[in-house]
Amino acid sequence: MDNNWNILGNEWAVEMLKQHLLHDSVQHAYLFTGPPGLGRRTLALRFAQALNCPKPVAPGEPCGKCKTCQQIERMQYTDLTVIQTEEEGKTLHVDPVRNLLHTLTLTPYQSTYKILLFLRFQEANKNTENILLKSLEEGPPHAIFILIADTAEQLLPTITSRCEILRLRPLPVERVEAYLKERGAEAGSAHLLAHISGGRPGYALRLMEDKKALEFRTRRLDDLQALLKSTRVERFAYAEKLTKRKKGDAEEEELLRETFLIWLSFWRDVLMRAAKSEAPLTNVDYTDAINALAKKLPLPEARKLVGDAEGAIDKLERNVNPRLLAEVTLLDWPHG
């Protein structure tokens, strides 16, 4: 394990956690924020290893090879409990969390610390956050809470005020591109994936390994280009096809959410170019289409398209009628 805990980027975060270990100033609760695919969970697991590794190679440096480190890596360690919703986008309810917190009085079975890792904690409802708040205030010294969320603002202020917050940041796309080449990606593929990932190495690596996800993205962006030239009737028909599924089909619901996220990334690119920003595009393989739209759309309209896309994702997660949502979204798109 290297001196950055085998994590690409965010060296400052690793160094901060090491200093907490070295100076015996480990906090009771941590909150790691940033977009998915950035390495938040990996950082949490490395910190858990550093806290509990019985054979550290140096102070604050877990070996990564012992039984404890290996079990933590697989999230199968006795004194590590991982809490998350069964499916992404669902709600983390209070009962399983309350039952878990009742066990906090038990001392760690094998190690110094009992670690509770909450993944996608922005999916917790307010009752769940409030029940956790009491444990953050009164929990035993052997319990370390690590919360992971997209942003701190998604959580109650009373939760965030009791956590040490580490806001992880995307890497320069050039660094992710070099990383992918080291992992065997061809130059063109590495360039595209680094941009699509927005500087998130974990997400880039998943795309590299999942060809179907890339094909899905291309289909949806091609659909967007076609829809901009379509009639109202054709847009209604597409919305019906896009949202036609069996009730409660979780996989189809996730695909719809992914579709909206892909479209959001495209409209953000258009907004950046309309605003004359020199920031790297996400969808570099659609540069011509992005530039053409940016020249035609007034800046306020480009902003509105981004806001509408963000609002559609939020409404989808609040169980608004998917077909109606898709229809409204598509009808508000410009005609090109």
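Any read-out appearing in this document is the output of simple, stated calculations on the displayed coordinates, not a laboratory observation. From a predicted model like this one, the values you see are computed outputs, not experimental measurements. Here Cβ is always computed from backbone atoms with ideal geometry, including for glycine, and neighbour counts include all displayed protein chains.
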Reachable aspartates and glutamates from Lys67, Cα under 14 Å, same-chain residues fewer than 8 places away excluded?
-> Asp79
Taking neighbour Cβ counts within 10 Å as the exposure measure, how do Glu186, Glu327, Glu317, Glu86 sort from fewest upward?
-> Glu86, Glu186, Glu317, Glu327
Taking Cα atoms only, helix 187-197 is inclined relative to the longest principal axis of the chain by an angle, in degrees rounded to 10, of 80
Correct choice for semi-axes √(5λ) of the Cα gyration tensor in Å that was computed from the model, options (1) 37, 25, 17; (2) 39, 24, 17; (3) 53, 23, 15 | (2)
Per the helix-only calculation at 222 nm, which mean residue ellipticity applies to the chain, given -39500 (n - 2.57) for every DSSP H run of n ≥ 4 and division by its residues, nearest 500 deg cm²/dmol?
-> -16500 deg cm²/dmol
Could you please state, rounded to a whole Å, how far the C-alpha centre of the stretch 1-61 is from the C-alpha centre of the stretch 254-281?
-> 32
How high is the relative contact order of the chain, in percent, counting Cα pairs under 8 Å that sit 6 or more residues apart?
-> 17
Greater than 19 Å apart at Cα, pairs in Lys276/Lys315; Lys276/Lys304; Lys90/Lys304; Lys90/Lys315 = Lys276/Lys315; Lys90/Lys304
With everything on Cα atoms, drop me the angle between helix 11-22 and the longest principal axis of the chain, reported from 0 to 90° to the nearest 10.
-> 20
Work out how much length Ala187 to Gln19 would gain on full extension: take 0.36 nm times their residue separation and subtract the Cα-Cα distance, in nm to one decimal.
-> 56.7 nm
Neighbour-count order for Cys69, Cys163, Cys63, fewest beta carbons within 10 angstrom listed first = Cys63, Cys163, Cys69
The chain: antiparallel DSSP beta bridges as a percent of all, rounded to 5 | 5
Relative contact order (percent, whole number), the stretch 30-176, Cα cutoff 8 Å, 6+ residue spacing = 34
In the structure shown, of Lys181/Lys295; Lys211/Lys296; Lys212/Lys244, the pairs separated by more than 23 angstrom at the C-alpha atoms are Lys181/Lys295; Lys211/Lys296
Taking Cα atoms, the helix 287-296 axis meets the longest principal axis of the chain at an angle in degrees (rounded to 10) of 60
What is the set of long-range amide H partners of Ala29 at a cut-off below 5 Å, with H atoms built 1.01 Å from backbone N?
-> Phe145, Glu164
What are the ³J(HN,Hα) values, in whole Hz, obtained from phi via the Karplus relation 6.51 cos²θ - 1.76 cosθ + 1.60 with θ = phi - 60°, for each residue of the stretch 64-74 in sequence order, with x given for Gly and Pro?
-> x, 10, 6, 4, 4, 4, 5, 5, 5, 4, 8
